[in-house]
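Visitor: Pasting in a structure now, in structure tokens, and then I'll have a few things to ask.
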Amino acid sequence: MEVISEHTRNILGLQLPTDPRWVNLAGISLEEILTDHAYCEQKAATSCISLIQRYSSRVELVQALAPIVTEEWGHFRMVLAELQKRGLNLGKQRKDEYVNQLISFQKKGGEPTLTFLDQLLTMALIEARSCERFKRLSEGLDDNYLRKFYRRFMESEAGHYTLFINLAELYIDKDLVRKRWKEWLEFEASVIASLEIRGDRIH
């Protein structure tokens, strides 16, 4: 297994890198990977909307996430346009085992502050892993246009994960946030290690 670079560790905090074989599989499954990417962007937008609706009294959160909704929906449209340009179809939304496993790790039904924290850290992890996958695609795909396409996505989304951590630290004790974030990183690495390598999924 490739050892994650110190640069990637510092930037994203991820404990386990994507297996390099994933990019090769994605390259031969463009319709599937673009479809899954489109739905990932759509879900990112709707997840931010849900947080805004649930925590509407948190002014800073609403102000921070409102433009992210617009950006993520714009990304959905960009991926949809790329599918159409290539004569490919937007397929059906698939079950996201990665996200479902992250959700299973969230604290639920107890202290509302911990529930809120885990919702934000879940979003942070999804954004960090997505950014890492976009970097892989931008470096490993044979299609030069798509390499540049995913480079733009990587650059656009690179700061999203820190936004969710910063929001958590705004409302919650920083030591608690950092302790829980460490637990999340360790859990996420175990999820990545357990999942089948599939080229038709972003996660």
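The values are calculated or read from the model by the stated rules, or taken from the named source; none is laboratory data. The structure displayed is predicted, hence computed values, not measured ones. Cβ coordinates were reconstructed from backbone atoms using ideal geometry, including for glycine residues, and neighbour counts include every protein chain displayed.
This table checks each residue for (1) part of a helix (DSSP H, G or I); (2) free of Cβ contacts under 8 Å to residues at least 40 places away in the same chain; (3) crowded, with 16+ Cβ neighbours inside 10 Å.
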| position | (1), (2), (3) |
| --- | --- |
| Glu169 | yes, yes, yes |
| Val177 | yes, no, yes |
| Lys182 | yes, yes, no |
| Glu186 | yes, no, no |
| Arg198 | no, no, yes |
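Visitor: Still on this structure, please answer the following. Could you tell me whether the stretch 144-156 includes any residue that is among the aromatic types (Phe, Trp, Tyr), within 14 Å of Gly13 (Cβ to Cβ) and either under 12 Å from the mean Cα position of the chain (by Cα) or assigned to a helix (DSSP H, G or I) (or both)?
Guide: We begin by selecting, within the stretch 144-156, every residue among the aromatic types (Phe, Trp, Tyr); these are 145, 149-150, 153.
Among the residues that remain, those that are also within 14 Å of Gly13 (Cβ to Cβ) are: none.
No, the conditions are met nowhere in the stretch 144-156.
Visitor: Now a separate question. Restrict the check to the stretch 92-104 and report whether at least one residue is within 12 Å of the chain's Cα centre (by Cα), at pLDDT 95 or above, more than 19 Å from Leu167 (Cβ to Cβ) and part of a helix (DSSP H, G or I). Break it down stepwise before answering.
Guide: Quick first cut of the stretch 92-104, residues within 12 Å of the chain's Cα centre (by Cα) only: 96, 98-99, 102.
Within this subset, residues satisfying the condition of being at pLDDT 95 or above are 98-99, 102.
Subsequent filtering for residues that are more than 19 Å from Leu167 (Cβ to Cβ) retains 98-99.
Narrowing the set further to residues that are part of a helix (DSSP H, G or I) leaves 98-99.
Yes, the stretch 92-104 has at least one match.
Visitor: Within the stretch 71-91, track down each residue that is more than 25 Å from Ala158 (Cα to Cα) and free of Cβ contacts under 8 Å to residues at least 40 places away in the same chain.
Guide: Filtering the stretch 71-91 for residues more than 25 Å from Ala158 (Cα to Cα) gives 84-91.
Those that are more than 25 Å from Ala158 (Cα to Cα) and free of Cβ contacts under 8 Å to residues at least 40 places away in the same chain: Gln84, Lys85, Gly87.
Visitor: Separate question: How about the stretch 58-88: which of its residues are surrounded by fewer than 17 Cβ atoms within 10 Å (Cβ to Cβ), of a type in the set (A, V, I, L, M) and within 23 Å of Leu121 (Cβ to Cβ)?
Guide: Val59, Val62, Ala66
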